Amino acid sequence: MPLGEPSRPGALVISLDFELHWGMRDHVDRQSPTYAELADSRAVVSDMATCFAQRGIHATWATVGFLFATTRSELLAHAPQVRPTYRRHEFDPYGEPIGADERTDPEHLAGSLVREVASTTGQEVASHTFSHYYCLEAGQRREQFRADLAAARSAASLHGIELSSLVLPRNQWNPDYADIVLEQGFDCIRGPQPSWGHRARSGDEQSSTARVARLVDSYAGFGAPPTVAWHEVVRPDGLCDIPASAFLRPYSLARRRLESMKLHRLVTGMREAARRQRLFHLWWHPHNFTRHPKENFEFLQRIFDEYDRLADVEGMRSLSMRDVVSRVRDRDGSTPTD
């Protein structure tokens, strides 16, 4: 830490849900135009990691465990014996056909991309569970979640990566599983954004009203996006929670006139975090940039331009989830009291 820099400055925290087809397989089949874009989204991952490094941005890549493998045999070697028994069978990923290797199945295997991200300056490879596990769906059980997280850590060992941060798929945080998260060696999660539209819910609990609320929040919302204070990060059980502040909704031709509103809302949250020395946590999926890469990357550069200004004027910092944990704890692992 540079001399004179506060240990807990205002910070921009970025996390990415890196999942390829595993994150959408229950509603996107192989004949879908969206599926056809997934191979191209791999280039987006490389370009995004390069962009982050060039702009001095630290980020957390929450990666589905299946993607750590470069071959089907590698994936199967790390798959758990205890698997989720979802009531809705479309959620079970273990019946998904997988190609022999990353070259023949770039939508489901991505070991080379994981290595690329892990070797890029400032990037943290984290977990999005092993199998894109849904913690709130009916039928799954505690011991299945435990086995899934153990498999995620095992798969990460392929690349010498020790996982410490966890992002739950579909933001399905289940508070009854906190002890398992800690037991499996994770010390930080990205909790759901604190608003009604973003609260953790199962697929059956999703509604059009909640989806509209999330859409409106991306462009207008009610007040500034939420930020979190440093002293609020550590929960009573010792697990760190850096809740989401905002989702970076991708560029849309239908809503292109609202892009300035979207930028204003995100900038408002960043300025609030910088001024009050709080954390602003922005997240999205790399594949969100695939359809309109030029517009999406230009928008991202505008966010980083504002970050640079806030870094110069307010001392704001770019931190991964792991960076936050390292700053929020004392050297001996205890939690600061102030």
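The values are calculated or read from the model by the stated rules, or taken from the named source; none is laboratory data. On a predicted model such as this, the values are computed, not experimentally measured, just so you know. Neighbour counts run over all protein chains shown; Cβ positions are idealised from the backbone, glycine included.
Looking only at the stretch 180-188, decide whether some residue is in a helix (DSSP H, G or I) and among the aromatic types (Phe, Trp, Tyr). Spell out how you get there, then give the answer.
First, the residues of the stretch 180-188 that are in a helix (DSSP H, G or I): 180-183.
Keeping just the survivors that are among the aromatic types (Phe, Trp, Tyr) gives none.
Within the stretch 180-188, not a single residue is in a helix (DSSP H, G or I) and among the aromatic types (Phe, Trp, Tyr).
So which residues in the stretch 11-28 are surrounded by fewer than 17 Cβ atoms within 10 Å (Cβ to Cβ) and at pLDDT 95 or above? Once the filter is applied, which keeps residues that are surrounded by fewer than 17 Cβ atoms within 10 Å (Cβ to Cβ) and at pLDDT 95 or above, the stretch 11-28 yields only VAL28.
Of all the numbered requirements in (1) surrounded by fewer than 17 Cβ atoms within 10 Å (Cβ to Cβ); (2) under 30 Å from ASP179 (Cα atoms); (3) of a type in the set (S, T, N, Q), SER318 misses one, and that requirement is (1). If you take the residues in the stretch 50-69 that are touching a Phe, Trp or Tyr at 6+ places or on another chain (Cβ under 9 Å) and either of a type in the set (Gly, Ala, Ser) or free of Cβ contacts under 8 Å to residues at least 24 places away in the same chain (or both), which one is nearest to GLN144 (Cα to Cα)? Among those that are touching a Phe, Trp or Tyr at 6+ places or on another chain (Cβ under 9 Å) and either of a type in the set (Gly, Ala, Ser) or free of Cβ contacts under 8 Å to residues at least 24 places away in the same chain (or both), it is GLY65.
Given the structure, is LEU163 in a helix (DSSP H, G or I), in contact with a strand residue (DSSP E or B) (Cβ under 8 Å, 6 or more places away or on another chain), crowded, with 19+ Cβ neighbours inside 10 Å and at pLDDT 80 or above? The answer is no for LEU163. Residues in the stretch 253-289 that are closer than 27 Å to ALA49 by Cβ and among the acidic types (Asp, Glu): GLU259 only. Is there a residue being in contact with a helix residue (DSSP H, G or I) (Cβ under 8 Å, 6 or more places away or on another chain), assigned to a helix (DSSP H, G or I) and more than 30 Å from ASP179 (Cα to Cα) anywhere in the stretch 235-254? Looking through the stretch 235-254, none of the residues is in contact with a helix residue (DSSP H, G or I) (Cβ under 8 Å, 6 or more places away or on another chain), assigned to a helix (DSSP H, G or I) and more than 30 Å from ASP179 (Cα to Cα). Pairing each residue of the stretch 246-258 that is surrounded by fewer than 11 Cβ atoms within 10 Å (Cβ to Cβ) with any residue that is of a type outside the set (S, T, N, Q) and not in a helix (DSSP H, G or I), provided the two are 6+ apart or on different chains, yields C-beta distances under 9 Å for LEU253/HIS292. Here the stretch 267-277 is the region considered, the condition is being touching a helix residue (DSSP H, G or I) at 6+ places or on another chain (Cβ under 7 Å) and buried (at least 22 other Cβ atoms within 10 Å of the Cβ), and the residue that is farthest from GLU314 (Cα to Cα) is MET270.
Going residue by residue through the stretch 83-99, is there one that turns out to be at pLDDT 95 or above and closer than 27 Å to LEU248 by Cα? Checked the stretch 83-99: at least one residue is at pLDDT 95 or above and closer than 27 Å to LEU248 by Cα. Looking across the stretch 110-133, just one residue is in contact with a Ser or Thr (Cβ under 6 Å, 6 or more places away or on another chain) and assigned to a loop (DSSP other than H, G, I, E, B), and that is HIS128. Considering (1) touching a Phe, Trp or Tyr at 6+ places or on another chain (Cβ under 9 Å); (2) surrounded by fewer than 23 Cβ atoms within 10 Å (Cβ to Cβ); (3) assigned to a helix (DSSP H, G or I), the lone condition that LEU136 does not fulfil carries the number (3).
Scanning the stretch 314-338 for residues that are charged (D, E, K, R) and part of a loop (DSSP other than H, G, I, E, B), we see that the one that is modelled with the lowest pLDDT is ASP332.
Given the options ARG115, ARG72, ARG8, name the one that is surrounded by 14 or more Cβ atoms within 10 Å (Cβ to Cβ), of a type in the set (Lys, Arg), touching a Phe, Trp or Tyr at 6+ places or on another chain (Cβ under 6 Å) and over 22 Å from HIS292 (Cα atoms). So the residue among ARG115, ARG72, ARG8 that is surrounded by 14 or more Cβ atoms within 10 Å (Cβ to Cβ), of a type in the set (Lys, Arg), touching a Phe, Trp or Tyr at 6+ places or on another chain (Cβ under 6 Å) and over 22 Å from HIS292 (Cα atoms) is ARG8. Going through (1) within 19 Å of the chain's Cα centre (by Cα); (2) at pLDDT 60 or above; (3) part of a helix (DSSP H, G or I) one by one, GLY197 falls short only on (2).
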